[in-house]
Amino acid sequence: MQPALLLERIDAIGASLAASGHALALIALGSIGRDTHRLDAWSDLDFFAIVEPGHKASYLERLDWLEAAHPLAWHFRNTRDGHKALMADGVFCEFAVFEPAELDAIPFAPGRIVWKRDGVDDAIAVPRRPLPDGSLPDETWIVGEALSGLLVGLQRWHRGERLAAMRMVQSHALDRLVELDALRLLQAGAGAEGADPFNRERRVEQRQPGLRDELPRIAAGYEHTPEAALALLQALQRRGAPLNDEVVERIKALAAATIPT
């Protein structure tokens, strides 16, 4: 899926909306919107279709306007406002349909107007509601949650709750490590360029290369939660995080009891 094809496809969707009769604008978001420098062969099409008041339901219930741009292989209604759809040639779309008044309540990153009807204000692509501010908890909370996640996760492992244990250690506790690195970067004045305000793990490999190298051991999979817990504990230690010695020893004991020697 070459970027040029994706750009052509979003333009084609704009043209099909223009011909649909009751559309007002097409706003492209993310890498197909204002961040086209991130567009690559693995991007999908995120967009808002803005329609006249009273016509939202018809645009959600019948996707002929989208199929006019390219045939669909599959789609489903994933929210009250939108669909996810796979086009026949592999282009994946995630979109919502809104009437203009609804935009006041929708947080989104500023988008790119692909098409708009004459008379529609360019400000339609600028959110009225602010994005999540990206603020982070303090380090004490982050580290405390990470340690408790490791401790509880390993206890669940011993109980035989392997899936719950994996998620507690390799998801919840790992999320706190991502936050800790992000907080340290902010404190160092590095800023949050490239961060996704809705999903902190997006592009983490590019933004936090030190963490990227640790991830194969920390996110080790269903059968390796004890090893993953130790790897995450060691990552906290390397960062000089404020750790409680008794909790650390308890985590090590729980992990060691389940790792074959």
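The values are calculated or read from the model by the stated rules, or taken from the named source; none is laboratory data. All values derive from a computational prediction rather than experimental measurement. Methodologically, a virtual Cβ is constructed for each residue, glycine included, from the backbone with ideal geometry; neighbour enumeration extends over all protein chains shown.
Taken over the stretch 136-165, the criterion of being within 24 Å of PRO242 (Cα to Cα) and hydrophobic (A, V, I, L, M, F, W, C) is satisfied by LEU136, TRP141, ILE142, VAL143, ALA146, LEU147, LEU150, LEU151, VAL152, LEU154, ALA165.
Within the option set GLN206, GLN187, being touching a Gly at 6+ places or on another chain (Cβ under 8 Å), under 30 Å from LEU29 (Cα atoms) and modelled with pLDDT under 85 holds for one residue only, GLN206. Is it true that ALA96 is over 23 Å from ALA41 (Cα atoms) and free of Cβ contacts under 8 Å to residues at least 60 places away in the same chain? Judged against the criteria, ALA96 is not a match.
For (1) touching a strand residue (DSSP E or B) at 6+ places or on another chain (Cβ under 8 Å); (2) touching a residue at least 24 places away in the same chain (Cβ under 8 Å); (3) closer than 18 Å to GLY14 by Cα, each residue gets a yes or a no:
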position	(1), (2), (3)
VAL51	yes, yes, yes
LEU66	yes, yes, yes
TRP74	yes, no, no
LYS84	yes, no, yes
PHE92	yes, yes, yes
PHE108	yes, yes, no
TRP115	yes, yes, yes
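Of all the listed residues (ALA253, ALA220), the sole one being of a type in the set (Gly, Ala, Ser) and part of a helix (DSSP H, G or I) is ALA253. Here ALA57 does not qualify as in contact (Cβ under 8 Å) with a residue 40 or more places away in the chain and either surrounded by fewer than 21 Cβ atoms within 10 Å (Cβ to Cβ) or more than 24 Å from ASP118 (Cα to Cα) (or both). Against the test of being small (Gly, Ala, Ser) and on the phi > 0 side of the Ramachandran plot, the options GLY144, GLY160 yield a single qualifying residue, GLY160. Only residues that are in a loop (DSSP other than H, G, I, E, B), within 19 Å of the chain's Cα centre (by Cα) and not small (Gly, Ala, Ser) were counted across the stretch 88-112, and they come to 4. Of all the residues that make up the stretch 25-53, how many are surrounded by fewer than 21 Cβ atoms within 10 Å (Cβ to Cβ) and either closer than 18 Å to ILE124 by Cα or not assigned by TED's automatic domain parsing to the domain that holds ASP81 (or both)? Qualifying residue count for the region: 4. Scan the stretch 229-261 for residues that are surrounded by 15 or more Cβ atoms within 10 Å (Cβ to Cβ) and touching a residue at least 60 places away in the same chain (Cβ under 8 Å) and the total you get is 12.
Here the stretch 153-166 is the region considered, the condition is being free of Cβ contacts under 8 Å to residues at least 40 places away in the same chain and surrounded by fewer than 17 Cβ atoms within 10 Å (Cβ to Cβ), and the residue that is nearest to LEU186 (Cα to Cα) is ALA164.
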